[in-house]
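Below: the structure, in structure tokens.
The values are calculated or read from the model by the stated rules, or taken from the named source; none is laboratory data. Predicted model only: the values in this text are computed from it and were never measured. Don't worry about glycine lacking a Cβ; one is built from the backbone with ideal geometry, like all the others, and counts go over all protein chains shown.
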2 protein chains.
Amino acid sequence: MGESASRILRILRDSGRYVSGQDISSELGISRTAVWKNVNSLRETGYSIDAVSNRGYRLLESIDLPTADEIGRHSTARWLGRDIIYMKSVDSTNILAMMLAAQGALHGTVVTADSQTAGRGRKGREWHSPPGTNLYLSMILRPPVSPAEASQIPVISVIASMRALGRLCPGLDCGVKWPNDVFCGGRKISGTLCEMKAEMDRVEHVVVGTGINVNMDPLNSDMPETATSLLMETGCSQSRSRLAAKLLEDFEAVYDQWLAEGSLKCFLKEWEAGSLLLGRRIDVRTASRIITGRSMGITESGALRLQLSDGSVQLVYAGDATLHGKFEIV
Amino acid sequence: MGESASRILRILRDSGRYVSGQDISSELGISRTAVWKNVNSLRETGYSIDAVSNRGYRLLESIDLPTADEIGRHSTARWLGRDIIYMKSVDSTNILAMMLAAQGALHGTVVTADSQTAGRGRKGREWHSPPGTNLYLSMILRPPVSPAEASQIPVISVIASMRALGRLCPGLDCGVKWPNDVFCGGRKISGTLCEMKAEMDRVEHVVVGTGINVNMDPLNSDMPETATSLLMETGCSQSRSRLAAKLLEDFEAVYDQWLAEGSLKCFLKEWEAGSLLLGRRIDVRTASRIITGRSMGITESGALRLQLSDGSVQLVYAGDATLHGKFEIV
């Protein structure tokens, strides 16, 4: 968004009422035609702006787009989201972020979108991404770590998501399922897809993509039965840009601490406190087989600790977990 | 290369003399104009083909391009190099291979080039890549492993390179320097750049790029002083396509064995037998510091085992090694 468009948005938001084109034109020192062009570009971005002859322009209520401008108003993060690229529609924020990262986008650059046409979760699974309702956000990171160490990042991401959800909706009863999903009332509210480009001993970039179901409503969408949203759980519609701001703040704090300490150790208690599977008998589907055991939490490197029937503990680095013998996820 | 061009190449090669356009036209069942067009496309690929009125076409000697056709004639590999994409010039075979892999290119697809305009080694270092002389070859792999396990692939690559060089030039005195360079007489003859795209727990694709200095001549090129070539070491020019074929055969065998056994264990003796640093006092530059110690070989996961002055052994996962206190590499 251009400087002028951004300032017009602020004027309209601060006023809350109709502001004449002439007033805006004077305040910004630009022509009325330029005002009109910038208002149109704001509309193309997705803002609803009413225009009435002799009264001027008014920003309609209930606008909640995860744009750089909106997120920036709320976020106190220092480096994460300094650059935010907002797309009205994109195939996938992760695909775009990986592309931008390969072209040299800076550490901390964030991509958001109002909708995704090819939203994806882990292993290429579809992530339902209708417009106007949910948060789709991908962060570009350049951590000075090896690929093996980068595999701890999903844990960081899920802890940041839990913190952000808890701050936006205090009292929300959500929990985490290994490796990186957040559930409310037995249904998925948030997922993470982390991808990296690396040499064998050195990560070039990581993209952490988070999808959070915010205002999705089961009555009027193709929402999967296994999913829920903040609207459904809290009964109130929630602000995507405020949620995005909290997510950036929390992720930044968790990430910085992780790098400083060099391990997940300091987050294990928090993970376990939120874990839906801890102490329960579960099946873990790996690429080659199903392992059954009791979930004993995770290690400092993010692996699942699974106690087998003979009492030994097996570490599982990749897979999908469900309660033993059931199709239900948690 | 098209089917007709490939058949014309075979006819000219088998004959070794001039073959008339009419004869080729009859044998292939295509028009003389089509023969002429295909000869021109072969010339564009890089083949020198002489054309003389009333005599026909002749393939000139000393043609040695690492094309699918040439490599395919020599290679007995089963799956590696079933598809070979040859480029007369490319920015970097690794960049093209990573791009093709992202678009879905099959496991085992290989990219070769006569020259690279932006050839790279590890950490973005330049790799001198003049035309007509050396081998630049990148393999697309889709191993069912984690990013941490994929970090063993450079060891596989260097072992395959050593075997291929030894088969092409028996008696060649070369050795390996951790992590993945091959040296002859104290100068570098081959290097590997491995890159991957991965989710945190699952590799999507790996590209293994190998550069081998084959016929590079110090008299007429910008060859780095630290480099050598097969021509310089053996006194004879060598065939790039034969070398490529041997490399594909050896890499395929080593890779298949590695996946079947699930570790580098069975290759450690071979690595140590070829190691230039084993038992020597070396400095290892990591991202943050220089570690000095005695090289004790590598672990099953490819880490360097460094014995420190207090007798303890430290594992180093990433860095550059040189003999202690010297700038020389080996």
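Restricting attention to the range A:123-133, does a residue exist that is under 25 Å from B:Met196 (Cα atoms) and assigned to a helix (DSSP H, G or I)? Yes: the range A:123-133 contains one or more residues that are under 25 Å from B:Met196 (Cα atoms) and assigned to a helix (DSSP H, G or I). Look at B:Ile140 and say whether it is under 21 Å from B:Ala245 (Cα atoms), out of contact with any Pro (no Cβ under 7 Å at 6 or more places or on another chain), within 14 Å of chain A (Cβ to nearest Cβ) and touching a residue at least 12 places away in the same chain (Cβ under 8 Å). For B:Ile140, the condition - under 21 Å from B:Ala245 (Cα atoms), out of contact with any Pro (no Cβ under 7 Å at 6 or more places or on another chain), within 14 Å of chain A (Cβ to nearest Cβ) and touching a residue at least 12 places away in the same chain (Cβ under 8 Å) - is not met. Can you name the residue in the range A:252-275 that is touching a residue at least 24 places away in the same chain (Cβ under 8 Å) and not in a helix (DSSP H, G or I) and is also nearest to A:Val158 (Cα to Cα) among such residues? The residue in question is A:Ser275. A residue that is not in a helix (DSSP H, G or I) and not assigned by TED's automatic domain parsing to the domain that holds A:Ser48 occurs nowhere in the range A:153-167.
Residues are listed down the side, and each one gets a yes or a no for (1) at pLDDT below 90; (2) in the same structural domain as A:Val206 (by TED's automatic domain parsing); (3) within 28 Å of A:Asn134 (Cβ to Cβ):
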residue	(1), (2), (3)
A:Gly21	no, no, no
A:Val35	no, no, no
A:Thr45	yes, no, yes
A:His74	no, yes, yes
A:Ala77	no, yes, yes
A:Gly81	no, yes, yes
A:Ile95	no, yes, yes
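Restricting attention to the range A:230-263, the residues that are farther than 21 Å from A:Phe183 by Cβ and over 16 Å from the mean Cα position of the chain (by Cα) add up to 8. Residues of the range B:152-188 that are within 14 Å of chain A (Cβ to nearest Cβ) and over 24 Å from B:Leu323 (Cα atoms): B:Ile153 alone.
Considering the range A:281-318, the residues that are free of Cβ contacts under 8 Å to residues at least 60 places away in the same chain, within 14 Å of another protein chain (Cβ to nearest Cβ) and not charged (D, E, K, R) include one that is surrounded by the fewest Cβ atoms within 10 Å (Cβ to Cβ), namely A:Ser288.
Of all the listed residues (B:Gly191, B:Gly209), the sole one being within 14 Å of chain A (Cβ to nearest Cβ), touching a Ser or Thr at 6+ places or on another chain (Cβ under 6 Å) and of a type outside the set (Val, Ile, Thr) is B:Gly209.
Tell me whether the range B:217-226 contains one or more residues that are away from chain A (no Cβ under 14 Å), in a strand (DSSP E or B) and buried (at least 16 other Cβ atoms within 10 Å of the Cβ). No, because not a single residue in the range B:217-226 is away from chain A (no Cβ under 14 Å), in a strand (DSSP E or B) and buried (at least 16 other Cβ atoms within 10 Å of the Cβ). Only residues that are crowded, with 20+ Cβ neighbours inside 10 Å and either out of contact with any strand residue (DSSP E or B) (no Cβ under 9 Å at 6 or more places or on another chain) or hydroxyl-bearing (Ser, Thr, Tyr) (or both) were counted in the range A:75-114, giving 7.
Scanning the range B:97-116 for residues that are hydrophobic (A, V, I, L, M, F, W, C) and touching a Lys or Arg at 6+ places or on another chain (Cβ under 8 Å), which turns out modelled with the lowest pLDDT? Here the answer is B:Ala102.
Taking the range A:149-176 as the range and being more than 18 Å from A:Met232 (Cβ to Cβ) and either surrounded by fewer than 21 Cβ atoms within 10 Å (Cβ to Cβ) or charged (D, E, K, R) (or both) as the test, the residues that pass are A:Glu149, A:Arg163, A:Arg167.
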